[in-house]
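Since the structure comes first, as structure tokens, the remarks are kept for the end.
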Amino acid sequence: MSSYGLYRVTEPVGVLPQQAERLDADPVARPDEVVVDVECLNLDAASFRQLREQYGDGDQVRAAVVDIVRRRGKMHNPVTGSGGMLLGTVREAGPDSPLGLKPGDRIATLVSLTLTPLRITDDLVKWDGTTEQVPCAGTAILFGRSIAAVLPDDMPDHLALSVLDVCGAPALTDRVVRRREQPSVLVLGGGGKSGSLSLAAARRAGAKRLVALVPTGHEAAAVRDAGLADEVVIADARDPVAVAERVGDQVDVTIVCVDVPGCEHGAVLATADGGTIVFFSMATSFAAAALGAEGLAADVEMIIGNGYVPGHAAFALDLLRTEPGVRRLFEARERQTSGA
């Protein structure tokens, strides 16, 4: 069981790293581990939103992240239960590591920061607390069962990191949509990172009707300009009646990519009996989803998107390279984030 990182759990003993309250982040590699010099953290959207809403001020957000990592030995938001992923350079690979990485490889981790031993050494002094991407100096540990991707050389690192952060969403969307013959597909949060990639994946997989639901006119215009959906509708995904009314005819597949809680019932109302809902958001309450579907007598299959599908990194990067609309949305988001 060493490949799962059990020996890094300090509290409580006996649980897997993701469940642990605290991990040992000592940057000394065991035989099957990889030590990474961290350059950037990418906080997941739900976690970053929660931190901004709770603390507001960027300095306080920065202090909160530093405190979480110091206390827990990992970036594991205690409110949302989520973390993110990171970018860095391999410092050392143990002789028994199965990951195929070598010193000097620049990589993005494809496992959650909630189970990645992490040590911050610069107090995040280069981060203003206002962006999901966090410039960082420190170290991280990958286990034998961890997943990482070597960064591509045909796009900026920050762009690749944004794509790899959500690469599980389009890959699972592709799998689910291909199970049906030309299904109708709805993506809640179609203007975001995972949402835009999922729209492109659904189109490629054969969706006959593709609906993107977004919260603002600005996002609607961007998705229309990108040509990613047949229909773009504006509604608050937390308002189930509004979602159902805007979408109209129920769809066969609903992909939930929003980063706010309370969107479960709208997804259920918008999905036809016999349909499938895939929840990618870490803000999802799975109890609310299950009980809401029961209370609505909705015969729908509900899938938790766990972020991993074989080949997911290459699939998502290929979508960015080959779908101009997706790339425009990602680059526009990067410009907005950087203030350029």
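Some observations on this one:
- Evaluating Ala313 against the criteria (1) of a type in the set (A, V, I, L, M, F, W, C); (2) in contact (Cβ under 8 Å) with a residue 24 or more places away in the chain; (3) not in a helix (DSSP H, G or I) leaves one unmet condition, (3).
- From Gly144, Gly206, Gly190, residue being outside any helix (DSSP H, G or I), under 19 Å from the mean Cα position of the chain (by Cα) and not aliphatic (A, V, I, L, M): Gly190
- Applying the set (1) hydrophobic (A, V, I, L, M, F, W, C); (2) in contact with a Gly (Cβ under 7 Å, 6 or more places away or on another chain); (3) within 26 Å of Tyr7 (Cβ to Cβ) to Val61 leaves exactly one unmet item: (3).
- Flag if Ala25 is in a loop (DSSP other than H, G, I, E, B), at pLDDT 95 or above, small (Gly, Ala, Ser) and over 21 Å from Gly307 (Cβ atoms): yes
- Of all the residues in the range 299-318, those that are more than 20 Å from Ala148 (Cβ to Cβ) and small (Gly, Ala, Ser) number 0.
- Considering Arg91, Arg72, the condition of being farther than 30 Å from Asp154 by Cα and of a type in the set (Lys, Arg) is satisfied by Arg72 alone.
- Considered as a group, the residues in the range 233-286 that are of a type in the set (Phe, Trp, Tyr) and outside any helix (DSSP H, G or I) include one that is nearest to the chain's Cα centre (by Cα), and that residue is Phe280.
- Applying the criterion of being under 16 Å from Leu320 (Cβ atoms) and of a type in the set (A, V, I, L, M, F, W, C) to the residues of the range 173-211, the residue that is surrounded by the most Cβ atoms within 10 Å (Cβ to Cβ) is Leu199.
The values are calculated or read from the model by the stated rules, or taken from the named source; none is laboratory data. Everything numeric in this text was worked out from a predicted model, so none of it was measured. When we count neighbours, we look across all protein chains shown, and the Cβ atoms used for this are built from the backbone with ideal geometry, even at glycine.
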